[in-house]
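No value in this document is a laboratory result; all are computed from the given coordinates. All figures in this text were calculated on a predicted structure; none of them were measured in a lab. Because the Cβ atoms are built from the backbone with ideal geometry, glycine has one as well, and the counts that use them run over all protein chains shown.
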Amino acid sequence: MPVLHQVTVVCHQFPPWRMGGLAEYAERCLHHLHRHRGDLRLRLYTMNHPGDQPRYGVSGGVPVVRPRMPRWLGRRLFDPGRALSARGQGLFALALLTFNLGTFLGLCRGRRRGSVVAVHDWQSTPVGILAATLLRLPVVYHVHNTEQTMAPRPDVADPLRIIGTCQRLMAALAVLVVVPTPEMGALLVRHGFPAAKIRVVPHGYEDPPETDGTAPDGATAPDDRAAIRAELLAAAGFPADSRILVFAGRLSPVKGVPTLLRALPDIVRWHPTTRLFLLGTGLPGTDQGAVVDRLVAELGIADRTHVYHRHLPREQVRRHYLAADLCLFPSTYEPFGLVSVEAMALGTPVLLGPGFSATIGTDGVRPTALRLTADRPDELARLAGNLLADKAYAAELGDRGRRHVERSFDWAASVDAAVAVYEEAVTARRPVPGDREGIPAGRRTVPRPTVADPAGEPR
């Protein structure tokens, strides 16, 4: 029986290139995988963007390969003004094709018994499809985001259905499919993915290095929080006695930003000292940032709102979470939502949108965060207003959320679960086209695993 010796990870995003949470996830996952499973040979293939990165490097002890990309292409990628134009999308497609073909050539040279190829998201599915069909390597498909093909109102659509085709073909050819939440698994099943292949592996959370204000139990001393609050309020020009709301993420309808802004006037009416910080930027090539500014002006809340219109360093984001009375992430679609876990880990109470998994908002017995049932400003205002009015409950909810993160989102456990999936994949037969179930050899009598739907009912 084959034994797992090597994991080749293919992820188009990796630091220093960060367009969202995928790059940060890939970095942390690889570092912890190397730290906890030093017996495995690891290698990462990622895009050479920005194009001045060395072709070969090392990150956290893991070899990193960036296949060559023509310099003219690297210079033209992600021009903020043209990212979503026909030309911009064509350049991105060409860059992805170059990356996938270069990675495939690397896989051809690096094949060995006991190898698994871990493909992350649709951008890397072409090399996964080639590896499964031409090289007959076991492929595990990690699905992090299906917004463009499965969300009700995506920021960017898939009019030619190219992305959806890549997703479905990769799912058919992969030995197993990994998702971060049961709700994501249920969504894939509703869109035709084989339930027998799906494995749930939650993401982990990594505590930042301790600072002088960090208490022994992982919380942060009240005096330190007060100092951070005073500094942030002064920098934004807000009164020192303000109540602070914080949002971090893409400034888009999918993330619930318009709903949050429309709820703010009611929150301010009940709690006049409330101020809102928006950390993030709109999708490159869109007018999402300008739409937010117009809505702020129309609602008359410009003196209550501070919009950064840029991505802040991780430590600055953490400082805003520490200063907040409440962090709000009202997403209508959220594959996992690491920002919410990071805020909860600091003991700050959190409000989640209807798109979040129940695994984050509850410990199975009690709520660990407030959670919207719908994308409605009145419900958001009511929940936020009630929490701001009840400091004792806010402190209790924050503490409950912190303990939930400590128990449920451990990187060591996440890495162990991922390796178990890779070991299962390397011992299974390779699925062939037309095999919809993809059940490993010798396991056809094993019942399909139950995948819960978003309402918590088994399918």
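Rounded to the nearest 10 degrees, the angle from helix 314-323 to the longest Cα principal axis of the chain is 40 degrees.
A cut-off of 5 Å between modelled amide H atoms, ignoring neighbours fewer than 5 places along the same chain, links Thr362 with Thr368. Considering only Val415, Thr305, Val58, the residue lying farthest towards the positive end of the dipole of the chain is Val58, judged by Cα position with unit charges set on Cβ. Spin-label model, Arg382 to Ala412: label points 7 Å out along the Cα-to-beta-carbon direction sit 4.4 nm apart.
Under 5 Å between amide hydrogens, built in the peptide plane, is the criterion, and for Ala157 it picks out nothing among residues at least 5 positions away or on other chains. A cut-off of 5 Å between modelled amide H atoms, ignoring neighbours fewer than 5 places along the same chain, links Gly285 with Ala83. 3J(HN,Hα) couplings calculated from phi for segment 411-424 with the Karplus curve 6.51 cos²θ - 1.76 cosθ + 1.60 (θ = phi - 60°) are, in sequence order, 5, 4, 5, 5, 5, 4, 5, 5, 5, 4, 5, 5, 5, 5 Hz; Gly and Pro show x.
Between the residues Thr286, Pro330, Val341, the greatest Cα displacement towards the positive end of the dipole of segment 222-408, with unit charges on the Cβ of Lys, Arg, Asp and Glu, is found for Val341.
Note on Val268, Val189, Val117: ascending count of other Cβ atoms within 10 Å places them as Val189, Val268, Val117, the fewest first. Each peptide among 248-255, 284-291 gets the average number of other Cβ atoms lying within 10 Å of its residues, and from highest to lowest they stand as 248-255, 284-291.
Charge tally around Ala297: other residues with Cβ under 15 Å, Lys/Arg +1 each, Asp/Glu -1 each, net -1. Projected label points at Ser59 and Arg71, each 7 Å from Cα along the beta carbon direction, are separated by 2.4 nanometres. Can you classify segment 222-408 as rounded, prolate or oblate using the Cα gyration tensor, where a ≥ b ≥ c are the square roots of its eigenvalues, rounded means a/c under 1.5, and otherwise it's prolate if a/b beats b/c and oblate if not? Rounded is the answer for segment 222-408, as its axis ratio a/c remains below 1.5.
Annotation: for a label point projected 7 angstrom from Cα along Cα→Cβ of Arg161, residues of segment 178-202 with backbone N closer than 19 Å are 188-194. As a proxy for reagent exposure, ranking Tyr56, Tyr393, Tyr25, Tyr205 by other Cβ atoms within 10 Å from fewest up yields Tyr56, Tyr393, Tyr205, Tyr25. Between Leu295 and Arg111, the contour length at 0.36 nm per residue exceeds the alpha carbon distance by 60.8 nm.
Between the entries (i) 40.1; (ii) 21.9; (iii) 25.8, the label attached to mean projected area of the Cα convex hull in nm² calculated for this structure is (ii). Toward the positive end of the charge dipole of the chain, with +1 on the Cβ of Lys and Arg and -1 on the Cβ of Asp and Glu, the farthest Cα among Leu372, Ala226, Ala392 is that of Leu372. Taken about its Cα centre, the chain carries a charge dipole of roughly 2060 debye when the Cβ of each Lys and Arg holds +1 and the Cβ of each Asp and Glu holds -1.
Estimated from helical segments only, the mean residue ellipticity of the chain at 222 nm is -13000 deg cm²/dmol, where each DSSP H run of four or more residues counts as -39500 (n - 2.57).
Put in line by how crowded their Cβ is, counting other Cβ atoms within 10 Å and starting with the fewest, Thr274, Thr46 read Thr274, Thr46.
Here segment 245-404 is assigned +1 on the Cβ of each Lys and Arg and -1 on the Cβ of each Asp and Glu. Its dipole about the Cα centre then comes out at about 240 debye.
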